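A quick write-up on the structure given underneath.
The values are calculated or read from the model by the stated rules, or taken from the named source; none is laboratory data. Everything quoted here is computed from the prediction, not taken from an experiment. All Cβ positions, glycine included, derive from the backbone under ideal geometry; neighbour counts span all protein chains shown.
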Amino acid sequence: MKTRSNLERVLEAGQFAVTGELGPPQSADSQVIRRKAKILGGHVDAVNVTDGQTAVVRMASWAASLIGKEEGLDHIVQMTCRDRNRIALQMDVLGIAALGINNILCLTGDHQKFGNHPMARGVYDVDSIQLVNIVRDMRDEKKFQCGDEMAVEPCLFIGAAANPFADPFEFRVTRLAKKIAAGADFIQTQIIYNVDKFAEWMEGVRDRGLHERVKILAGVAPIKSVGAARYMKARVPGMDVPDSVIARLQGVPKDQVSREGIKLCVDIISQVREIEGVAGIHLMAIEWEEVVPEIVGAAGLLPRPSPLT
């Protein structure tokens, strides 16, 4: 009998899903994972565990996920193509499934030049779309990428990322379609601050019927400061932060900016919930996990479905 993750059950039941994000430490301290897992528990349906985000050495995603699993959370292992060839990727896919982790998010990965080992050699043997296809064939066909067969397949709910704001915008829906064709079951998007542009992207998604073939989770995140908003607008590729967002944060006293950033996140959640084809949200509050319960509650998304149902 196929093992289904909590996230898959929630989405297949047609319930509006909430996923969170957990960044592993730059150390072997398991208590960091346990502390964050306790904060997120009961407020999200599953938690992404990042895989060397920003190309900085951190605890392995699969290991941190296993620690968090002991705290009762459903985890999504992120797996990047930056550091592994197709042999290593398939080995890790088998490993996480054997450990009882049933969600995976397939990513290309941040380039190593942005991290703390810029001299490292990137692998990029396959890209994220190819990885999605490899995992799908392992699960559905019980075959490795080379064509060899396996005795027991990995039972995984397969995810991929999408950026509705990257250039050229007209190809964003086409790229999503490729990931769906490769085998993606769910999609998590880039952080949304420009809701109008996201709605335009979703219109293109619906025009091609893609929202009926994949579960789309809209990426949202609170902003701590005006400086952070300006940095994302000017320096982070693929981010779209409208001037109206910066003006809103500037319009409150300095000691109230982070509170306004939380309110902004709740407002965006309310707006994206009304867009046809959005199946849930992916709430990214790395190193600010303590605000997740407040945001989810203020957005009217509590209580979460029981993991046992």
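Worth a mention:
- Residues (touching a Gly at 6+ places or on another chain (Cβ under 6 Å), part of a helix (DSSP H, G or I) and within 26 Å of Asp45 (Cβ to Cβ)) located in region 88-132: Val132
- Condition met for Ile223 (in a strand (DSSP E or B), crowded, with 21+ Cβ neighbours inside 10 Å and in contact (Cβ under 8 Å) with a residue 24 or more places away in the chain): no
- Single residue of Val57, Val44 found to be surrounded by fewer than 23 Cβ atoms within 10 Å (Cβ to Cβ), in contact (Cβ under 8 Å) with a residue 60 or more places away in the chain and hydrophobic (A, V, I, L, M, F, W, C): Val57
- Positions within region 161-188 being β-branched (Val, Ile, Thr) and under 15 Å from Ile104 (Cα atoms), in sequence order: Ile180, Ile187
- Among the residues of region 27-41, the one identified as surrounded by fewer than 24 Cβ atoms within 10 Å (Cβ to Cβ) and in contact (Cβ under 8 Å) with a residue 60 or more places away in the chain is Ile39.
- Test result for Ala221, at pLDDT 95 or above, closer than 24 Å to Phe169 by Cβ and within 18 Å of the chain's Cα centre (by Cα): yes
- Residue list for region 48-69, filter: part of a loop (DSSP other than H, G, I, E, B) and either of a type in the set (Val, Ile, Thr) or modelled with pLDDT of 95 or more (or both): Thr50, Asp51, Val56, Val57, Arg58, Met59, Ala60
- Residue in region 228-244 that is at pLDDT below 95, among the hydroxyl-bearing types (Ser, Thr, Tyr) and either in a helix (DSSP H, G or I) or out of contact with any Lys or Arg (no Cβ under 6 Å at 6 or more places or on another chain) (or both) present: yes
- Options Glu212, Glu149, Glu153; residue that is surrounded by 15 or more Cβ atoms within 10 Å (Cβ to Cβ) and of a type in the set (D, E, K, R): Glu153
- Scope region 17-43; condition touching a Lys or Arg at 6+ places or on another chain (Cβ under 7 Å), over 15 Å from Ala63 (Cα atoms) and either assigned to a loop (DSSP other than H, G, I, E, B) or of a type in the set (Asp, Glu) (or both); matching residues: Gly42, His43
- Residue match in region 201-208 (condition: closer than 30 Å to Gly42 by Cβ and either crowded, with 21+ Cβ neighbours inside 10 Å or touching a His at 6+ places or on another chain (Cβ under 6 Å) (or both)): yes
- Screening the candidates Glu260, Glu274, Glu289 for the property of being surrounded by fewer than 16 Cβ atoms within 10 Å (Cβ to Cβ) and either touching a Ser or Thr at 6+ places or on another chain (Cβ under 8 Å) or modelled with pLDDT of 95 or more (or both) yields one hit, Glu274.
- Sole residue being free of Cβ contacts under 8 Å to residues at least 40 places away in the same chain and farther than 20 Å from Met284 by Cα, chosen from Val214, Val205: Val214
- Selection from region 186-200 of residues that are buried (at least 23 other Cβ atoms within 10 Å of the Cβ), of a type outside the set (A, V, I, L, M) and not in a strand (DSSP E or B): Tyr193, Phe198
- Count - residues of region 133-163 that are in a helix (DSSP H, G or I) and either at pLDDT below 95 or not β-branched (Val, Ile, Thr) (or both): 6
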